[in-house]
Structures are given as structure tokens and as C-alpha cells.
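Accompanying notes for the structure given below.
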Amino acid sequence: MFVLCILLLITAAVLFLVGRGRTAAGHWRLGAALSAVTGLLAGAFACIYVVSAYEVGVPVTFGTVGKPLTSGIHFTSPFTDVTPFSTRPVDLDLNDKDVVEVRSSQGGVLYADVTIKWAVVPGKAVALYRLAGSEEAVEERLVLPDSREIIRNVFAKHTSEEGYASAREQIGSEIAGLVKERLAPRGIDVTSVNLRNVRPSEKLQEQIDKKIQQEQATERATEAVRTAKAQAERRRIDAEGIARANKILAGSLSDKVLYNQCLEAYKEAAKANPVYAVPCGTGSGGTPVIVDSGKN
């Protein structure tokens, strides 16, 4: 815009000088006046810079960095170049081709999908300009490499199983805290770090499947041994109970007791049979007596 202003003013001066020696000088002077007015307006617009909402501008004049410009209209030198920085949160998605390849403490390879939401702190825009030069460069030179480094370092302290299963939430929290701590002094506000997905490599997945099969086989063998021990213990208890019962029974069966039980049995038999035998005597020489209950 400033170059256009200079060109229009030069054009106005040329038209004015050429028109002085002409008979129809009025047309030349009118053209010169219009060129001059247009050039002045272009010069005025060249000194005005509008910073959009949710943006901050860093002015640079002849290599000198000025104070950051907040949203609104600002009057600047026509030789000033303003670099805008958005203060809205920006999502940095580390997935697909940008997925982070990490290694666990056991050496297993994992792939982590991470989304980092970050924004430029308006008061630190000048420092970020000196470090990177533009908003895109801030992401490429600061946010991306630092985040990748921290993600890899955190996963390296955990086992493969913790990385993709048991400690994912803990790892995500640890990554978020370290990324915020690293980037905050540079003027980058990290609002959230989302560890969306962690998947093992094909080789690691094969090792995991093999380990699971081995654990299942071990559990089945352990359960079989536990069942066999329980059955053996139950049989031992049953055998001991039977042995104790037989011992008690053997100690309580005397000749008189057996004779009395025999009499009770004959009494029961006599109810159904009119003729029965009654044992006489308890010794080996005892002779049974035949009784006919149908006769008096």
C-alpha cells in the first residue's frame, strides 16, 4: 500500500509538471490532483493496521521488534511489518502419519495417539516471535518436538502392559503436567493433553498373546492341582470317619448286646411267621428252641 502511495504521488507530480506547458493545463492538473489525493489516501491506509479479535500482532520496524498490538485499530509506520499470532486454542493432533512411536521400559514398541490443545499467551507474543518467527513455526519448532520428547520419556519409565492398559490414565496425566511445565515459560498455554489411544506394535502384540496363552495354561494347571488336592483330602476325611465309626462299633458289640439284638430280630420275625426259633444260651453251645405260635 505504501509503494502504491509513492507511485501515485510521483504520477501526480509528473502530471502537474507536464500540464504546466500545455494549453489545456486544466485536465493535467485535475489528473495530478486526483493522483495526489489517491496517493495520500493510500499512504493513510498504509499507516493503519487492524488486529482481529483473538489475535495479537508483533510489529517490526527496520529489524526492531516493538510492543505487541492487541485487537483493534492501530496507527503504525508504513515501514512496519506486523506478524499476527492467534490467541485461540489450537489442536495439535499426533496421529496417523504423525503418531508418536514410543518404547516401554521393557523395549516393546507402542504407538500413542495424542491431541495437545495449546494457545499463545498475548503478553509473550514478542518472545515467541524472537524464538520462532510465526505461529506455524511456534508449533513446528516448540510445541511439536518438546511434546514428542516428553511423551517418549514418560512411556520409557513404564512397562508395555502399563502403557497400553493398566496405567494409561496415570501416563496421560504425567505427560500433561510435564508438557505444561515445559512450554509455559515460553509463552505457550497448554490447556489439555489427551492421550486418546495406545496400541502395541504387531511384534509386541504377538508377544502379549503368547504370554496370555501361557498364563491361561498355568491357571488351568493350577486349578487342576487344587481340585485334585481337594478330592484327595475329602476321601481321606471320609476314610478316617468310617474307620472311627467301625472302631466305636467294634468296641460296643459284646456277646450280650449281640444276643439281645438277636432276640429283638426274632420278635419281629414272629409277627409274620407262626413258627420261629428262639435261641437259648449265649455261648457257643446255646441251642435254639423251635416255637409254634399257632398252638398254646
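Values in this text are rule-based calculations from the coordinates and carry no lab data. Everything numeric here is computed off the predicted structure, so don't read it as measured data. Positions of Cβ are generated from backbone atoms using ideal geometry, with glycine treated the same way; all protein chains shown enter the neighbour counts.
Observations, loosely collected:
- Per-residue Cβ neighbour rank within 10 angstrom, fewest leading, PHE79, PHE85, PHE62, PHE155: PHE62, PHE79, PHE85, PHE155
- The order of the peptides 160-169, 66-75 by mean Cβ neighbours within 10 Å, most packed first, is 160-169, 66-75.
- Long-range HN-HN contacts of THR87 with modeled amide H, under 5 Å: GLU55, VAL56
- Put a dot 7 Å past the Cα of ALA217, heading toward its Cβ, do the same for GLU136, and the two dots end up 5.6 nm apart.
- For SER192, the residues whose modelled amide H falls within less than 5 Å of its own, excluding neighbours fewer than 5 places apart on the same chain, are LYS117.
- Theoretical FRET efficiency, 1/(1+(r/R0)^6), r = Cβ-Cβ of GLU268 and GLU233, R0 45 Å, to 0.05: 0.60
- Share of alpha-carbon pairs per 10 Å distance bin for region 90-200, given as whole %: 15, 47, 27, 10, 1
- Calculated diffusion of region 69-110, Stokes-Einstein form, Kirkwood radius summed over Cα pairs, 20 °C and 1.002 mPa s, µm²/s: 140
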